[in-house]
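Written out below as structure tokens is the structure these notes cover.
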Amino acid sequence: MHRARSDAPNPILPGFHPDPSICRVGDDYFLVTSTNEYLPGLPVYTSTDLVSWRQIGNVVTRDSQLDLSAAPSSLGLFAPTLRHHAGTFYLTSTLVGWGHFLMTAQSAAGPWSDPVRIAGSGWDPSLVFVPREGAVAARDDGASHRASHRASHGVSHGASHGVSHGDYLAGDGRGADAGDRAFFHYSTGTSIRGFFIDLSTGEPLSDEVELWAGTGGNAPEGPHLYLVGGYWYLVIAEGGTSAGHAVTVARSTAIEGPYQPHPDNPVLTHRGLSSPIQSVGHADLVETPNGQWFAVVLGSRPLGGHGYQLLGRETFLVSVSWQGEADARWPVFGTDKRVALTTGLAGTPVSSAFADDFVSGTLDPGWLFIRTAHPTFARVGNGELALAPTAATLDDAGTPAFVGRRQSAHSYFAEVTVRLDDAAEHDDAAESLEGGLVARRDERHHYRITIADRGAGSDAPPGADRYAVEVITRIGDLTQVVAGASVSSGAVRLKVQAVPNLETNPITGSGFFEFSYLVSDEAGWHMLATLDSRYLSTEVAAGFTGTVIGMYAHGARRTHDDAYAANGMYSGDGGRASTSPAAHFSGWRSGADPTRTSTSADSLPQPSNSEGTRV
């Protein structure tokens, strides 16, 4: 665990945590981010100080909620918005290719409802709850003033985003209190549009209107509305979610506009700066119980002279103040429109150190699968995670037997012990079986270290060891075994180690990944390969995710069939439900590597007792 810090660092959620959205309920904050093709989807975190975050669950935990089986990598689940109102949590998001949706829960930890589909194209949907008198605001109107006064003092935010996240909502499906209405707004890619909706059906209750097209930057998106001091403030992102990213603001006395832009837009951006934090944008605001304001934003920390993003877009915290007289009051972000390297708040930052000894039947909620929330290819308990190969491999846009975690530090390691079943002892033996560790960006960009069973009667030379440890690269259309060694046992410990390049020389890359193995009856690790990490970066592989490192299993032909898919690999009484061979993993350890960084390192990881996905 990290020790408490008087000035906790940014980012507050390191690694692949893009598109953050936040709300407050009493003294507790809740935050959610995007997950794209990974499931369980849309992780939910909680904190009482805005810097000490703990994952308590995920929103999409059932394949019956949403079908991601055909979701292309980096698409899938986009940009959620989290709100709380009258005792209920509301989440809006987009499943690319299917549309916008709304889910609800009584607890942020879940379980979350099945989705209510909401009409509209585009992405980045948001929701705000509007007292009827506040929808057509006249600043001098008493009722409107009372609504905005409650909002500006955090009463209506429950999460304190103004009227949208607090204690207004209707019992008739339109809002929680009589007369309150829900206003849905989203990006079309060229402008921000919105309409009132029926929360129970997702049907529009008003004509759709264009709110604002931004300041002229590319892709106006990520909209959120806040009622403060009698004005509706519309906060959006512009410039695309890369080097040109920025936050811009407009305001109106009526929620449906017209909106007037901030006189000094953009209000937050790092474009053109030499800051180690880049691509800043996609802000969501929250007010603390004592009246301070902050925003969560996405950003990245590229490496090397040309800036290669390996971790993906992360979640940062920036202070917000309201400046100016009542008729000219605007939000001011950070100092000089920048996100600082530290938050200015005391707390215990999120640790990248993690351990799992797989002693129970439940996985920590931070584990990720590809395009499924119910990994029937896996079974956990009794000190191991067993993975049976599926029809899909890591090279396929399907659901391979994969369980992984976000790489959450530039200097980072992950290691695990792998043991292969003896394929010859199983009725449904594969022609070959392998299991290992993979650093994944997508199907076309990943590095893996694997132990493979060449199989009895294989083409291995006489007297040769039956098992091989290999390092295999996939970069675009090219796949190559770059290193290998024979071993006598089907059980080895494997390690992936990320070593960052902290130089800014324009001819340097982002660093490299080291791949090593350890045989139990031998002393010391054997280094097999060192690979350039830039080929897994956003700048090379493209997309919207980050590096995810995890365990996988693969067979030369399918061994995990539908006959036992419903119950996973094992029967309920612990006996084998199938004779298919599997790869067995034990003793997972990961985190920042204290031997490869000059900054303060995470302590040795300890096993997690968090509840999550049961497999």
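The values are calculated or read from the model by the stated rules, or taken from the named source; none is laboratory data. Everything numeric here is computed off the predicted structure, so don't read it as measured data. Virtual Cβ from ideal backbone geometry, glycine too; neighbours counted across all protein chains shown. In case anyone asks, the SASA skips ligands and DNA or RNA and just uses the protein heavy atoms, side chains included. Shrake-Rupley method; radii C 1.70, N 1.55, O 1.52, S 1.80 Å.
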| Quick check: anything in the stretch 408-419 among the β-branched types (Val, Ile, Thr), under 21 Å from Ile475 (Cα atoms) and in contact (Cβ under 8 Å) with a residue 12 or more places away in the chain? | no
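If you scan the stretch 219-247, which residues turn out to be in a strand (DSSP E or B) and of a type in the set (Gly, Ala, Ser)?
Initially, the stretch 219-247 is screened for residues in a strand (DSSP E or B), giving 221-228, 231-238, 246-247.
Scanning the stretch 219-247 gives Gly222, Ala237, Ala246.
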| message | I'd like to know if the stretch 355-378 contains one or more residues that are modelled with pLDDT under 95, closer than 30 Å to Val318 by Cα and open to solvent by 20 Å² or more (accessible area, probe 1.4 Å). | response | no
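Taking Ala159 as the residue in question, decide whether it is in contact with a His (Cβ under 7 Å, 6 or more places away or on another chain), at pLDDT below 95, surrounded by 16 or more Cβ atoms within 10 Å (Cβ to Cβ) and assigned to a loop (DSSP other than H, G, I, E, B). Write out each step before concluding.
Values: in contact with a His (Cβ under 7 Å, 6 or more places away or on another chain): yes; at pLDDT below 95: yes; surrounded by 16 or more Cβ atoms within 10 Å (Cβ to Cβ): yes; assigned to a loop (DSSP other than H, G, I, E, B): yes.
Judged against the criteria, Ala159 is a match.
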| Any residue in the stretch 384-402 that is buried (at least 24 other Cβ atoms within 10 Å of the Cβ), farther than 30 Å from Val487 by Cα and touching a strand residue (DSSP E or B) at 6+ places or on another chain (Cβ under 7 Å)? | no
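Just give me the residues in the stretch 31-51 being among the hydrophobic types (A, V, I, L, M, F, W, C) and more than 19 Å from Arg406 (Cβ to Cβ), in sequence order. Please lay out each step first, then the result.
Here is the first cut: in the stretch 31-51, the ones among the hydrophobic types (A, V, I, L, M, F, W, C) are 31-32, 39, 42, 44, 50-51.
Within the stretch 31-51, just Leu50 meets the criteria.
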| message | Filter the stretch 503-541 down to the residues that are modelled with pLDDT under 90, of a type outside the set (Val, Ile, Thr), farther than 30 Å from Gly587 by Cα and open to solvent by 20 Å² or more (accessible area, probe 1.4 Å) and list them by number. | response | Glu503, Asn505, Pro506
| request: For Gln497, work out the one condition from (1) open to solvent by 50 Å² or more (accessible area, probe 1.4 Å); (2) under 20 Å from Gly550 (Cα atoms); (3) in contact with an Asp or Glu (Cβ under 7 Å, 6 or more places away or on another chain) it doesn't fulfil. | output: (1)
| query | Restricting attention to the stretch 313-326, does a residue exist that is touching a residue at least 40 places away in the same chain (Cβ under 8 Å), surrounded by fewer than 24 Cβ atoms within 10 Å (Cβ to Cβ) and not in a strand (DSSP E or B)? | reply | yes
| Going by the structure shown, is Val96 surrounded by fewer than 19 Cβ atoms within 10 Å (Cβ to Cβ) and of a type outside the set (Ser, Thr, Tyr)? | yes
| Within the bounds of the stretch 293-312, is there any residue that is open to solvent by 30 Å² or more (accessible area, probe 1.4 Å) and within 23 Å of Asn265 (Cα to Cα)? | no
| request: Tell me, please, whether a residue that is within 29 Å of the chain's Cα centre (by Cα) and surrounded by fewer than 24 Cβ atoms within 10 Å (Cβ to Cβ) can be found in the stretch 255-264. | output: no
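In the stretch 355-403, which residues are among the polar types (S, T, N, Q) and part of a loop (DSSP other than H, G, I, E, B)?
Once the filter is applied, which keeps residues that are among the polar types (S, T, N, Q) and part of a loop (DSSP other than H, G, I, E, B), the stretch 355-403 yields Ser360, Thr372, Thr376, Asn382, Thr390, Thr393, Thr399.
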| query | Across the stretch 38-57, which residue is farthest from Val548 (Cα to Cα) among those that are open to solvent by 10 Å² or more (accessible area, probe 1.4 Å) and in a strand (DSSP E or B)? | reply | Thr46
| What's the number of the condition Ser107 fails, among (1) of a type in the set (Gly, Ala, Ser); (2) open to solvent by 30 Å² or more (accessible area, probe 1.4 Å); (3) farther than 27 Å from Ala397 by Cα; (4) modelled with pLDDT under 95? | (4)
| task | Could you check how many residues of the stretch 547-572 are open to solvent by less than 40 Å² (accessible area, probe 1.4 Å), in a strand (DSSP E or B) and at pLDDT 50 or above? | result | 7
| field | Condition check for Gly344: part of a strand (DSSP E or B) and surrounded by fewer than 24 Cβ atoms within 10 Å (Cβ to Cβ) | value | no
| Would you call Asp19 within 13 Å of Pro349 (Cα to Cα), part of a loop (DSSP other than H, G, I, E, B) and charged (D, E, K, R)? | no
| Does at least one position in the stretch 213-222 carry a residue that is buried (at least 24 other Cβ atoms within 10 Å of the Cβ), under 28 Å from the mean Cα position of the chain (by Cα) and more than 21 Å from Val318 (Cα to Cα)? | yes
| query | On the given criteria, is Asp124 of a type in the set (Asp, Glu) and open to solvent by 20 Å² or more (accessible area, probe 1.4 Å)? | reply | no
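Take the conditions at pLDDT 95 or above and within 21 Å of Gly122 (Cα to Cα) and apply them to Thr81. Does it pass? Break it down into steps so the answer makes sense when it comes.
On the way: at pLDDT 95 or above: yes; within 21 Å of Gly122 (Cα to Cα): yes.
Here the answer is yes, as Thr81 does meet what is asked.
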| task | Consider Glu203 carefully, then state whether it is at pLDDT 95 or above, more than 18 Å from Phe129 (Cβ to Cβ) and of a type outside the set (Lys, Arg). | result | no
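Mind checking which residues of the stretch 77-116 are assigned to a loop (DSSP other than H, G, I, E, B) and closer than 13 Å to Val59 by Cβ? Step through it out loud before you land on a result.
Kept after step one, since they are assigned to a loop (DSSP other than H, G, I, E, B), are these residues of the stretch 77-116: 86-87, 96-98, 106-115.
Of everything in the stretch 77-116, those that are assigned to a loop (DSSP other than H, G, I, E, B) and closer than 13 Å to Val59 by Cβ turn out to be Ser107, Ala108, Ala109, Gly110, Pro111, Trp112, Ser113, Asp114, Pro115.
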| said: Here is a check on your reading of the model: is Phe544 at pLDDT 95 or above, under 23 Å from the mean Cα position of the chain (by Cα) and either over 20 Å from Gly591 (Cα atoms) or surrounded by 14 or more Cβ atoms within 10 Å (Cβ to Cβ) (or both)? | reply: yes
| said: Given the criteria of a type in the set (Asp, Glu) and without any contact (Cβ under 8 Å) to a residue 24 or more places away in the chain, does Asp207 qualify? | reply: yes
